[in-house]
Amino acid sequence: MLKLKCCGLTVDLELLHGDYFRERFREYADGHSGRPDLICVSHLAAELSAPEGKEKRLDPFKKCVTLEDGTICSVSNNPEGETTFIFRVSPDASRAEMWFRENYTYRYSTRTAIEYRYSCNAFCDRLALEGDMVLHGAAIGFRGKGVVFSARPGVGKSTQASLWEKLWPKETVKINEDRPAVCFPGGVPTLCGIPWSGSDPVNRDISLPMGALVLIRRGGVPRIERLRPADVFAPVYRELCVSHYNKRAAEAVYDALGRLLEKTPVYMLDCTMGEETPRLALEAFEKDGIV
Amino acid sequence: MKIKEGYMLKALAGENVVINVGPDSADFSKMIRLNGTAAFMWRQLEVGKTPEETARAVAQEYGIAPEKAEADVKKFAAELLEKGLAE
């Protein structure tokens, strides 16, 4: 059993590829005892049968099934119609289970990658129900403040984080290049590292008060503009990590987003891959008294 | 008409925003902001009031002529139907 603590939550993971997760999540290892806030367990079974409940077919190989007690199941099947994977998460996201088929080769992913992804999903829902949130973005700490660069995949958020580190190595620390959390201890938006960080290994257990959220898009010329909260709901919500099937979690994430936007400056940054972009952003942050 | 399941009005960062917490929540074309009057209308419709009852409530709340309130509610309802937020 791997025991973690992050964002104030205790998490127990009992996964098939325990050694991998023990190494990958080592910075968050914790010695807590008693009932955790989230327990996530993997199982192997010779055969799987899809649970019965209210179904929504997502694509030919995946459906969501909501059970009578509110348990949400993500069920995958192969082209032959056999159930190959089931992910069950309780309505309060305190217990998640993954069921894999024994002696079965998953076509598009490894068991470890699936465990990684779904344990993260469970954590994101659990955190949302605590009033906090996880979002896609590259997070850095700069002069004691948290800065998140958020964008669709491939736009260059990790590049921006790396440029800051390269330009100002003594003042910058990379925290998580894929999905940092924002928590609200004492009502203060606080950037927090979490163990999950996508394909990037940077997942530092560091918490800092939020300085700025920066939405980025590719541009020919660097440009930065401060946005009104009302203009950023849609682009930011798109980057939040939460199950769309747990309505309570989805609603809670909206509330968290509202709290974040009330207190955190948000910018739109047209970026290039050159050093002029971070220099321009820093100039704006200094002018606005953020760092 | 009634508001579709999964859509709700939230006050976020000082704005009235209609959000979707259902399986279609990735469709941001339906995320809309409402002014104060529209938010009032939404709250009436949300609790099951008919457009006629909503118009009466609007006229009373804002002290406007019933005909004007009816026209406003009709326009708002048509917009909700067009955007797929009501049925």
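The values are calculated or read from the model by the stated rules, or taken from the named source; none is laboratory data. What you see is a predicted model; the values in this text were computed from it and never measured. Using ideal geometry, Cβ is built from the backbone for each residue, glycine included, and neighbour counts are taken over all protein chains shown. Ligands, DNA and RNA are excluded from the accessible area calculation, which covers all protein heavy atoms including side chains. Shrake-Rupley method; radii C 1.70, N 1.55, O 1.52, S 1.80 Å.
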Net +/- balance of residues flanking A:Thr172 in space, Cβ distance below 15 Å, scoring K and R +1, D and E -1: +3
Helical contribution to [θ] at 222 nm, DSSP H n ≥ 4, -39,500 (n - 2.57), averaged over chain B, rounded to 500: -15000 deg cm²/dmol
Size of electric dipole in the range B:7-83: Cβ of Lys, Arg +1 and of Asp, Glu -1, about Cα centre, debye, nearest 20: 120
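I'd like the trypsin sites (Lys or Arg not before Pro) in the range A:132-179 restricted to DSSP loop residues with at most 11 other Cβ atoms within 10 Å, sorted by number.
Passing sites in the range A:132-179 are A:Lys170.
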Per residue accessible area in Å² of the protein assembly as shown, where ligands, DNA and RNA are left out and the probe is 1.4 Å: 46
Contact order normalised by residue count of chain A, Cα under 8 Å, 6+ apart, percent: 16
Estimated dipole of the protein assembly as shown in Debye, rounded to 20 [Cβ of Lys and Arg +1, of Asp and Glu -1, Cα centre]: 620
Loop GluC sites (Glu not before Pro), the range A:1-31, which have at most 16 other Cβ atoms in a 10 Å radius of their Cβ (DSSP): none
Pairwise label distance in nanometres, A:Leu58 with A:Asp255, each label 7 Å out on the Cα-Cβ vector: 2.5
Chain A - Rg and Dmax from Cα coordinates, angstrom: 19.8, 62
Pair B:Val47, A:Val188: separation of 7 Å Cα→Cβ label points (nm): 4.0
Too-long pairs where the Cα-Cα distance tops 18 Å, listed order kept, from B:Lys4/B:Lys83; A:Lys157/A:Lys263; A:Lys145/A:Lys170: A:Lys157/A:Lys263
DSSP bridge pairs, the protein assembly as shown: antiparallel proportion in percent, nearest 5: 75
Proximal aspartates and glutamates to A:Lys287, defined as alpha-carbon separation beneath 13 angstrom and excluding residues fewer than eight positions away on the same chain: A:Glu225
Accessible surface of the range A:125-272 [probe 1.4 Å, protein heavy atoms]: carbon and sulfur percent: 50
Gaussian network model of chain A, Cα within-10 Å springs - most flexible of A:Asp178, A:Asp37, A:Asp231: A:Asp231
Among A:Leu44, A:Leu213, A:Leu127, residue whose mean-square fluctuation peaks in a GNM of chain A (springs only between Cα atoms under 10 Å): A:Leu44
Chain B: relative contact order as a whole-number percent, Cα under 8 Å and 6+ apart: 30
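What percent do you get for the relative contact order of the range A:221-291 when only Cα pairs under 8 Å and 6+ apart count?
51 percent.
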For the range A:2-129: rounded, prolate or oblate by the Cα gyration tensor [a/c cutoff 1.5]: oblate
All aspartates and glutamates inside 18 Å of B:Lys74 as judged from Cα atoms, apart from same-chain residues fewer than 8 positions distant: B:Glu46, B:Glu52, B:Glu53, B:Glu61, B:Glu82, B:Glu87
Residue with peak Gaussian network fluctuation, chain A [Cα springs, cutoff 10 Å], from A:Pro235, A:Pro195, A:Pro91: A:Pro235
